[in-house]
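The values are calculated or read from the model by the stated rules, or taken from the named source; none is laboratory data. Here the structure is a predicted model, which is why all the values come from computation and not from measurement. A quick note on method: Cβ atoms are made from the backbone with ideal geometry, for glycine too, and the neighbour counts reach across all protein chains shown. Note: accessible area is taken over every heavy atom of the protein model, side chains too, but ligands, DNA and RNA are not part of it. Shrake-Rupley method; radii C 1.70, N 1.55, O 1.52, S 1.80 Å.
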Amino acid sequence: MTVKTKLLISYALVCLMVLGISVLSLSALSSDDESFRDYVEGINARALAVANVRTAIDDRAIAARNLVFVTSDVDIQREKAAVERASFEVERNLTLLKTLGAKPSVPAEVQERIKLIDDIERKYAPVANDIVSLALNGKKQEAADRIVAECRPLLEILTKATTEYAVVTAQRSKNLVEADHKKFAFNRNVLVAG
């Protein structure tokens, strides 16, 4: 074999190695991009939705409670508007959460927790609305009694359900990050060895 042939073969092998490393790199980048997109559009989007549900539920509860205590027409209208705004946000974010949770890639445990939050909200919302109605109709003592007897216990259950969802989500997020880190280490080692 001539030197020219040996150089051509060597150059061809180097080109094949570079091509192989490029293909592996592109494959790893594509996989990482998909993993990141799944995280952002999946677990993270659901976590944000449930946090927004929780915030809106708290806002509604505070405004409903405030209606029992305020006396001026301006304050009553302000708190009534706050209840309406918060109720809209609860429904909007809960609908988003259920839509995100209905995807086939969502684990059954997560879907069950979303259903639980929805079921509790379906029990809690009418109670909160009744309290608002009582307060707006001047039956403030009856509204206060219902807050203590019915609203607070349901709110505690709902708060517990959203907190548990957040804990499960945090653990799943940690697991995903660890799995992605292992995948990165493997891909890096393959590329370095290549």
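Each residue in the range 33-91 was checked for being in a helix (DSSP H, G or I) and either buried (at least 18 other Cβ atoms within 10 Å of the Cβ) or among the small types (Gly, Ala, Ser) (or both), and 28 pass. The residues in the range 179-194 that are closer than 15 Å to SER27 by Cβ and open to solvent by 90 Å² or more (accessible area, probe 1.4 Å) can be counted, and the count is 3. Taking the range 1-32 as the range and being closer than 30 Å to LEU100 by Cβ and open to solvent by 80 Å² or more (accessible area, probe 1.4 Å) as the test, the residues that pass are LEU26, LEU29. For the range 170-178, check the following and say yes or no: at least one residue is farther than 30 Å from ASP33 by Cβ, open to solvent by less than 40 Å² (accessible area, probe 1.4 Å) and of a type outside the set (A, V, I, L, M). No, the range 170-178 contains no residue that is farther than 30 Å from ASP33 by Cβ, open to solvent by less than 40 Å² (accessible area, probe 1.4 Å) and of a type outside the set (A, V, I, L, M).
With respect to (1) at pLDDT 85 or above; (2) under 30 Å from THR169 (Cα atoms), the lone exception for LEU29 is condition (1). The set of residues in the range 153-169 being of a type in the set (A, V, I, L, M), open to solvent by less than 50 Å² (accessible area, probe 1.4 Å) and over 14 Å from the mean Cα position of the chain (by Cα) consists of LEU154, LEU155, LEU158.
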